[in-house]
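For reference, the structure discussed in these notes is given below.
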């Protein structure tokens with residue numbers, strides 16, 4: 001068939017759907033326009049803000065509240081959460097969102113995910129569990145949403161995915177375009193307080209989002225547009241952002257790259273590195289970005305052996321000759337950014353078999369199946385052994 | 001100020017707002033999924049279709065109508081227009097759109113512009129003139145819209161701009177995000193019947209949209225992402241699409257490039273080539289794409305003398321060494337695509353001064369002012385003389 005001979009353009013025949021991309025405003029200080037931005041949402045009279053606790057304590061929430069008040073817009077703040085979102089956080093935020101016209105999320109991926117879900121549950125009055133794992137369709141008219149990320153990694157501001165721990169602690173998700181932002185404000189100034197290790201971990205997560213979206217079985221030209229630019233932006237500036245936290249140009253490029261990577265995964269999802277990082281998360285507390293970076297490095301040499309056109313395109317997007325140069329480039333990037341290859345001490349009590357079991361769990365199969373090279377059971381065991389051989393010194 | 005020293009990233013401080021991008025589905029045959037796509041718009045019971053006359057006569061409209069009917073969705077077709085849209089066309093289409101839930105536009109830029117305006121006026125019941133030149137705000141809840149372009153040039157499917165001739169024949173516009181598509185279907189198969197000369201003219205228009213958006217005073221990183229890809233896609237495939245109309249890969253790349261170029265101008269607008277082409281349109285009938293290409297070639301050498309970073313970035317995006325290589329590249333591209341440098345015979349009766357007057361008309365100043373090099377009155381006269389010195393042999 002002619003259409004199979006050409007290149008990835010023709011995968012489009014099956015599917016190239018580039019999902020809608022919200023309006024994105026970017027630049028140092030752009031978040032100071034937040035109150036002005038609220039006024040664009042006609043008739044917004046009551047705003048619910050989900051904000052990381054440390055930001056709320058810094059007085060930022062009150063500052064925004066006072067500025068909104070001057071425009072005759074009332075507001076409430078929910079910041080009573082920490083770590084990855086739990087169902088209780090979603091419920092509390094959703095309850096607060098009832099009666100609001102607009103939800104603003106300011107913070108890391110957790111704050112944004114909580115805000116996005118609250119905008120849906122606040123509109124419908126349903127419990128978040130009603131929508132978990134796509135049990136029921138999301139409301140067609142959720143509250144409008146403005147997302148203001150303060151870390152550069154998850155890309156939650158441009159994705160339709162929202163992760164939380166359910167009533168039994170199991171990782172669940174709520175997915176749907178109804179949870180997507182209407183407006184995104186990307187302000188590098190908000191990211192400068194992020195410590196170097198978190199900057200590196202989040203940045204690697206963003207790079208890997210872009211790489212996996214651009215090279216997995218779902219990859220298509222539309223998403224590669226965003227993914228390649230994300231890879232260029234993050235790879236080109238992450239080390240500078242880690243070494244000089246106040247370098248706004250580097251911060252800005254990593255933040256924009258993370259946002260574009262979010263668009264890429266919103267279109268094409270991830271792959272094997274995320275199978276590993278989600279499996280690790282099922283075993284114990286470990287930063288998602290670090291877990292993903294470790295899983296990526298452990299599998300990349302195996303992956304690039306498949307030598308696909310998409311893998312070579314990704315390599316060339318960041319100035320490499322071909323896919324074979326990727327493993328060395330990535331390990332060097334992690335070195336330059338000071339990423340320590342280690343797991344937390346708590347993982348000492350766990351075996352490679354424990355990790356392999358998690359990697360085979362049903363919820364981690366979509367990422368495994370999306371991987372461009374077939375992941376055999378022997379591969380799973382080999383990757384699990386490689387991961388658990390890391391020093392447990394964190 | 002530090003932020004002014006760095007590069008165009010920092011123009012973002014002032015403004016990098018990337019407007020929302022609709023979901024885009026792309027691929028040969030994708031338009032066959034139109035009826036399926038309609039079902040995604042919950043509750044759509046009556047659909048109004050704006051379609052080019054020749055497509056309607058080909059039976060495509062009845063085919064879609066019958067398929068919708070099977071899904072218990074009624075439909076009506078408006079195809080009683082030709083050439084660029086006039087106020088009478090907008091009025092007739094808007095009248096038909098009353099009571100519809102969804103508007104589908106299928107055709108060239110005219111069909112799409114009419115459909116987009118009808119979706120707004122059909123929702124509000126207002127006359128199109130109520131919204132012309134931003135006289136009044138557009139309705140916040142327009143009818144939902146699916147756009148299916150059959151030419152690759154205007155980018156209307158992803159822009160918020162809609163052009164028409166007002167009651168006195170003057171070119172007017174209706175602008176606003178409320179007129180933007182919710183879903184775009186890009187099917188290269190629909191473009192293969194476009195004759196070679198129109199393919200070349202429309203493709204040059206798309207290339208110039210991308211180039212001007214990426215290099216004018218409003219250019220920013222967000223729009224350059226789309227603009228550079230658009231330039232690569234169009235420059236790389238336009239000749240093949242002109243020479244072998246059935247080459248679906250080339251057709252697809254030009255169509256996708258045109259769509260990305262639409263996103264770029266939706267963000268940053270155009271520049272001097274469009275001042276000239278709109279001025280020519282004020283003098284007599286001339287295809288917009290050809291007029292733009294002629295205006296572009298006549299001004300490019302003058303433009304690249306300003307040697308900005310954006311101009312050099314644009315040149316490198318298509319594999320050239322620097323901006324100085326652009327004029328030669330563009331003239332050669334036009335040669336390869338068989339673009340005859342000539343105006344219609346009717347222009348014989350007009351002088352360079354006539355064109356210069358049109359170029360100085362208030363409605364053509366925004367594009368002139370957006371041009372990265374200052375356009376003096378002497379420049380206007382020189383460009384007008386150069387344009388009117390073209391043979392009048394079309």
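Scan the stretch A:130-158 for residues that are more than 14 Å from every other protein chain (Cβ to nearest Cβ) and touching a residue at least 24 places away in the same chain (Cβ under 8 Å) and the total you get is 14.
Per the listing B:77, B:49, B:87, the residue uniquely in contact with a helix residue (DSSP H, G or I) (Cβ under 7 Å, 6 or more places away or on another chain), within 23 Å of residue B:259 (Cβ to Cβ) and modelled with pLDDT of 95 or more is B:49.
Annotation note: of A:279, A:271, the sole residue that is under 16 Å from the mean Cα position of the chain (by Cα) and surrounded by 24 or more Cβ atoms within 10 Å (Cβ to Cβ) is A:271. Residue B:147 passes every criterion in (1) surrounded by fewer than 24 Cβ atoms within 10 Å (Cβ to Cβ); (2) in contact with a strand residue (DSSP E or B) (Cβ under 7 Å, 6 or more places away or on another chain); (3) closer than 25 Å to residue B:21 by Cα apart from (1). Taken over the stretch A:309-342, the criterion of being under 27 Å from residue A:195 (Cβ atoms) and part of a loop (DSSP other than H, G, I, E, B) is satisfied by A:318, A:337, A:338, A:339, A:340, A:341, A:342. Being in a loop (DSSP other than H, G, I, E, B) and either free of Cβ contacts under 8 Å to residues at least 24 places away in the same chain or more than 14 Å from chain A (Cβ to nearest Cβ) (or both) is a description that does not apply to residue B:123. Among the residues making up the stretch B:353-387, those that are closer than 12 Å to residue B:271 by Cβ and either in contact with a strand residue (DSSP E or B) (Cβ under 9 Å, 6 or more places away or on another chain) or crowded, with 17+ Cβ neighbours inside 10 Å (or both) are B:364, B:367, B:368, B:370, B:371, B:372, B:373, B:375.
Scanning the stretch A:72-89 for residues that are under 18 Å from the mean Cα position of the chain (by Cα) and either surrounded by 21 or more Cβ atoms within 10 Å (Cβ to Cβ) or not assigned by TED's automatic domain parsing to the domain that holds residue A:107 (or both) returns a single hit, A:85.
Listed here are the residues, each with its yes/no results for (1) surrounded by 24 or more Cβ atoms within 10 Å (Cβ to Cβ); (2) farther than 28 Å from residue B:157 by Cα; (3) at pLDDT below 95.
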| site | (1), (2), (3) |
| --- | --- |
| B:297 | no, no, no |
| B:300 | no, no, no |
| B:304 | no, yes, no |
| B:314 | yes, no, no |
| B:321 | no, yes, no |
| B:334 | no, no, no |
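Here residue A:338 meets the list (1) buried (at least 16 other Cβ atoms within 10 Å of the Cβ); (2) more than 14 Å from residue A:216 (Cα to Cα) almost entirely, failing just condition (1). Residues considered: A:217, A:251, A:232. Of these, the only one that is more than 12 Å from every other protein chain (Cβ to nearest Cβ) and either in contact (Cβ under 8 Å) with a residue 12 or more places away in the chain or on the phi < 0 side of the Ramachandran plot (or both) is A:217.
Assigned to a loop (DSSP other than H, G, I, E, B) and either modelled with pLDDT of 95 or more or under 29 Å from residue B:198 (Cβ atoms) (or both): does that describe residue B:113? Spelling it out, it is not the case that residue B:113 is assigned to a loop (DSSP other than H, G, I, E, B) and either modelled with pLDDT of 95 or more or under 29 Å from residue B:198 (Cβ atoms) (or both). Going through (1) within 7 Å of another protein chain (Cβ to nearest Cβ); (2) in contact with a strand residue (DSSP E or B) (Cβ under 6 Å, 6 or more places away or on another chain); (3) modelled with pLDDT of 50 or more one by one, residue B:12 falls short only on (3).
In the stretch B:26-62, which residue that is in a loop (DSSP other than H, G, I, E, B), in contact with a strand residue (DSSP E or B) (Cβ under 8 Å, 6 or more places away or on another chain) and away from chain A (no Cβ under 14 Å) is surrounded by the most Cβ atoms within 10 Å (Cβ to Cβ)? Walk me through how you get there before you give the answer.
The initial filter retains those residues of the stretch B:26-62 that are in a loop (DSSP other than H, G, I, E, B), namely B:27-29, B:40-45, B:52, B:58-59.
Filter once more, so that each one left must be in contact with a strand residue (DSSP E or B) (Cβ under 8 Å, 6 or more places away or on another chain): B:27, B:40-41, B:44-45, B:52.
After this cut, where a residue has to be away from chain A (no Cβ under 14 Å) as well, the list is B:45, B:52.
Working: B:45: 13, B:52: 22.
Looking at residues that are in a loop (DSSP other than H, G, I, E, B), in contact with a strand residue (DSSP E or B) (Cβ under 8 Å, 6 or more places away or on another chain) and away from chain A (no Cβ under 14 Å), I get B:52.
The values are calculated or read from the model by the stated rules, or taken from the named source; none is laboratory data. Treat the numbers as computed from the prediction; the structure is a model and nothing was measured. For neighbour counting, all protein chains shown are included, and Cβ atoms are generated from backbone atoms with ideal geometry for every residue, glycine included.
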